[in-house]
Amino acid sequence: MEWIKISTANELVRVATEEVLYVLADGNYSDLVLISGAKHKMTFQIHYFEELFEKLDDNPFIRVTRSLIINVRHVHVINVNDRLLKFGGKDINPSVPTLRLGRDSLKKLKDKMTDYGD
């Protein structure tokens with residue numbers, strides 16, 4: 001199990017990578033969303049997380065759009081026609097929202113996940 005540490009002026013967030021569901025950009029901030037449904041507003045742009053995840057020995061994260069990085073291990077359903085990305089698994093809080101994305105982004109993700117091997 002790998003851990004990431006994110007330190008800001010006011011807070012240190014230490015989390016296992018397997019607990020990270022996705023990171024969603026929000027202007028100059030990013031929301032780090034965990035499988036528990038907890039959300040941490042971080043004072044970093046999304047490229048910070050992309051670089052952080054690239055340093056992992058076992059990197060399950062894929063940048064799907066300009067504003068979204070997901071943990072592919074938690075993807076349950078990719079529905080290109082309905083434009084939906086659903087997360088699932090025994091530890092995922094049922095209140096975690098389904099994400100609505102563009103068809104092209106979902107098609108590319110579907111193709112990557114087909115080759116991913118998990």
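The values are calculated or read from the model by the stated rules, or taken from the named source; none is laboratory data. Note that this is a predicted model, so its numbers are computed, not measured. Note that each Cβ is placed from the backbone with ideal geometry, even for glycine, and that neighbours are counted across all protein chains shown. Calculation scope for accessible area: heavy atoms of the full protein, side chains included, ligands and nucleic acids excluded. Shrake-Rupley method; radii C 1.70, N 1.55, O 1.52, S 1.80 Å.
When the residues of segment 83-93 are filtered to those that are open to solvent by 30 Å² or more (accessible area, probe 1.4 Å) and free of Cβ contacts under 8 Å to residues at least 24 places away in the same chain, the one that is farthest from Lys107 (Cα to Cα) is Lys90. Could you please find all residues in segment 1-15 being assigned to a strand (DSSP E or B) and farther than 13 Å from Thr43 by Cβ? Those that are assigned to a strand (DSSP E or B) and farther than 13 Å from Thr43 by Cβ: Trp3, Ile4, Lys5, Arg14, Val15. Here the condition is being hydrophobic (A, V, I, L, M, F, W, C), open to solvent by less than 30 Å² (accessible area, probe 1.4 Å) and in contact with a helix residue (DSSP H, G or I) (Cβ under 6 Å, 6 or more places away or on another chain); of Val64, Val80, it holds for Val64 alone. Of the set (1) assigned to a strand (DSSP E or B); (2) in contact with a helix residue (DSSP H, G or I) (Cβ under 9 Å, 6 or more places away or on another chain), all apply to Glu18 but (1).
Note on segment 1-29: among residues that are among the β-branched types (Val, Ile, Thr) and under 20 Å from Asn93 (Cα atoms), the one that is surrounded by the most Cβ atoms within 10 Å (Cβ to Cβ) is Val23. One residue alone among Leu52, Leu32 is touching a helix residue (DSSP H, G or I) at 6+ places or on another chain (Cβ under 8 Å) and surrounded by 13 or more Cβ atoms within 10 Å (Cβ to Cβ), and that residue is Leu32.
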